[in-house]
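Engineer: To start, I am sharing the structure in question, which I have written as structure tokens.
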Amino acid sequence: MAAERADAARNRQSILRAVEELLAEQGPEHVSLDSVAARAGVGKGTVFRRFGSRTGLFQDLLAERAARIRAAIDSGPPPLGPSAPPRDRLLGFLDELAKLAAKNITLIAAHEQACAADKHQDPTYQRWHDHVTRLIRQVRPDTDAEFVAHLLLASFEGELVRHITDHGGVKRLRTAVRDLARRIVPE
């Protein structure tokens, strides 16, 4: 794969920063290819060619926010990395998702709305689902790991995260999801 040109990388970062700013300042309903292009100081064609749609913008921004978690899963230390036991990896991953979701509630909600028709086809969701499914299969081969993975990931639905964190913070979200996971994959 060819390296990204420096100007293309700068444009990508400017565009994603513009999406983030518009989400924070005006909400997802005001994020359009036109508004993002104007904010980023690039042409609408540049945004369209790179991201394709609002959905593409939200998907890329979420993928960027999740990149640190992905790297830790692939080659990081415990509890996320491959050398940790599967149950510890699952709990560590859910903890990281709780932090990510609480910090990025508006993005998560916008992403869900934009991807509503095919949420399960979103590349970030698929990576998360595949990871959780593999871990559950290792710990509980007797259960429907695919379904349980969807169930656990549903805990990070945007409006649910907003409600729970508004009434107990990220600690409440993290504790509740960990409790659910421990019931599914007991020691």
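Engineer: H120: net charge of surrounding residues, Cβ under 15 Å, Lys/Arg +1, Asp/Glu -1, itself excluded?
Structural biologist: -4
Engineer: With everything on Cα atoms, drop me the angle between helix 86-103 and the longest principal axis of the chain, reported from 0 to 90° to the nearest 10.
Structural biologist: Between helix and principal axis, roughly 40 degrees.
Engineer: Need one number: convex hull volume per residue for the chain, Cα atoms only, in Å³.
Structural biologist: With only Cα atoms used, the chain gives 125 Å³ per residue.
Engineer: Volume per residue, Å³, of the convex hull around the alpha-carbon atoms of segment 1-52?
Structural biologist: It is 76 Å³ per residue.
Engineer: Continuing with this model, one more query. So what's the angle, to the nearest 10 degrees on a 0 to 90 scale, between helix 123-139 and the longest Cα principal axis of the chain?
Structural biologist: Approximately 10 degrees, to the nearest 10.
Engineer: So what's the projected area for segment 109-174, the Cα convex hull averaged over all directions, in nm²?
Structural biologist: 5.0
Engineer: Also: How much net charge surrounds R12 when only the other residues with a Cβ under 13 Å from the Cβ of R12 are counted, with Lys and Arg +1 and Asp and Glu -1?
Structural biologist: That works out to 0.
Engineer: Normalised by the residues of the chain, what does the relative contact order come to in percent, with Cα pairs under 8 Å and at least six apart?
Structural biologist: Relative contact order, the chain: 18 percent.
Engineer: If you take every residue apart from F58 with its C-beta less than 10 Å away from the C-beta of F58, what net charge results, scoring Lys and Arg +1 and Asp and Glu -1? If you can, show how the numbers build up before the last one.
Structural biologist: Numbers: positive: R54; negative: D60, E112, D122.
Summing Lys/Arg as +1 and Asp/Glu as -1 gives -2.
Engineer: May I pose another question? Compute the angle between helix 54-75 and the longest alpha-carbon principal axis of the chain, please, reported from 0 to 90 degrees and rounded to the nearest 10.
Structural biologist: 40
None of the figures in this text is laboratory data; all of them are computed from the coordinates on show. Here the structure is a predicted model, which means the values were calculated and not measured. Cβ: placed from backbone, ideal geometry, glycine included. Neighbour counts: every protein chain shown.
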